[in-house]
Amino acid sequence: MTKMKKIIPTEITESNIAQIINLLSNTPRKLEDLCTRFSDEQFVKPLGTGERSLTENIAHLLHCEAIASEFIYLALLKNEATFNDIHPEREYGKLLRYDLFPFKSLVDYFTFRRTVLLRVLTSLKAEQWSRSIPEKGKIRQESVYWRARSLALHELEHINDIEIKLAKLEVK
């Protein structure tokens, strides 16, 4: 997967927040579109040699979303909290094994979780976007804005990569 240029600046502005909300809102629709284009067999087939399947991709997105959302909620709820560094794949993914669930169920679950996250994010006042907590093992503190921005850009990168790979498969 190729890294893309960061299209949302790091400064907390109304315009940048609106871009984050827009990207986060679009991901479930793009995933739901995949449900209509492919069969159950195609969801578990790797997108290429050494590549994840569509099911493994959405499992990865769910793992990352869960960690980012937990950080955001904790930063908003507690003043003296510390976020434990949990790796989305190596730890969270191995525990939950979302990759074993049907793709359509994962899309429904992702959509529900995204609705909850967006409900929280769209209700925030300007100063709440800058709330932060330390992450165990890291010196810098990341804000709610930083985590939401990172999540949105990470998902966009994966969705774009999936769409490119699927376009190549459909041409063959």
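Do we find a residue being out of contact with any helix residue (DSSP H, G or I) (no Cβ under 8 Å at 6 or more places or on another chain), surrounded by 13 or more Cβ atoms within 10 Å (Cβ to Cβ), closer than 20 Å to GLN19 by Cα and of a type outside the set (Phe, Trp, Tyr) anywhere in segment 152-160? Yes, segment 152-160 contains a residue that is out of contact with any helix residue (DSSP H, G or I) (no Cβ under 8 Å at 6 or more places or on another chain), surrounded by 13 or more Cβ atoms within 10 Å (Cβ to Cβ), closer than 20 Å to GLN19 by Cα and of a type outside the set (Phe, Trp, Tyr).
Kindly indicate whether ASP161 is at pLDDT 95 or above and either over 30 Å from LEU34 (Cα atoms) or of a type in the set (D, E, K, R) (or both). No. Of all residues in segment 32-47, exactly one satisfies the criterion of being basic (Lys, Arg) and assigned to a helix (DSSP H, G or I), namely ARG37. Among the residues of segment 34-56, just one is among the polar types (S, T, N, Q) and touching a helix residue (DSSP H, G or I) at 6+ places or on another chain (Cβ under 6 Å), namely THR55.
A residue that is closer than 20 Å to GLU135 by Cβ and in contact with a strand residue (DSSP E or B) (Cβ under 9 Å, 6 or more places away or on another chain) can be found somewhere in segment 5-21. Residues of segment 108-150 that are among the basic types (Lys, Arg) and either over 15 Å from ALA18 (Cα atoms) or assigned to a helix (DSSP H, G or I) (or both): ARG113, ARG114, ARG119, ARG131, LYS136, LYS138, ARG140, ARG147, ARG149. For LEU121, indicate whether it is under 16 Å from the mean Cα position of the chain (by Cα) and farther than 18 Å from HIS63 by Cα. Yes.
Contact map, segment 91-119: first residue more than 16 Å from PHE43 (Cβ to Cβ), second residue among the polar types (S, T, N, Q), Cβ cut-off under 8 Å, separation 6 or more or different chains; pairs are ARG113/SER69; ARG114/SER25; ARG114/THR27; VAL116/SER69; LEU117/SER69; LEU118/SER25. Residues in segment 4-31 that are in a loop (DSSP other than H, G, I, E, B) and aliphatic (A, V, I, L, M): 4 in all. Selection of segment 48-91 for residues being outside any helix (DSSP H, G or I) and either under 17 Å from SER105 (Cβ atoms) or under 13 Å from the mean Cα position of the chain (by Cα) (or both) yields only SER53. Regarding LEU151, is this residue under 30 Å from LYS45 (Cβ atoms), under 20 Å from the mean Cα position of the chain (by Cα) and at pLDDT below 95? So LEU151 fails the test. Has segment 81-88 got any residue that is of a type outside the set (Lys, Arg), more than 23 Å from GLU11 (Cβ to Cβ), free of Cβ contacts under 8 Å to residues at least 24 places away in the same chain and exposed (fewer than 15 other Cβ atoms within 10 Å of the Cβ)? Yes, segment 81-88 has at least one match.
The values are calculated or read from the model by the stated rules, or taken from the named source; none is laboratory data. No experiment lies behind these values; they were computed from the predicted model shown. Positions of Cβ are generated from backbone atoms using ideal geometry, with glycine treated the same way; all protein chains shown enter the neighbour counts.
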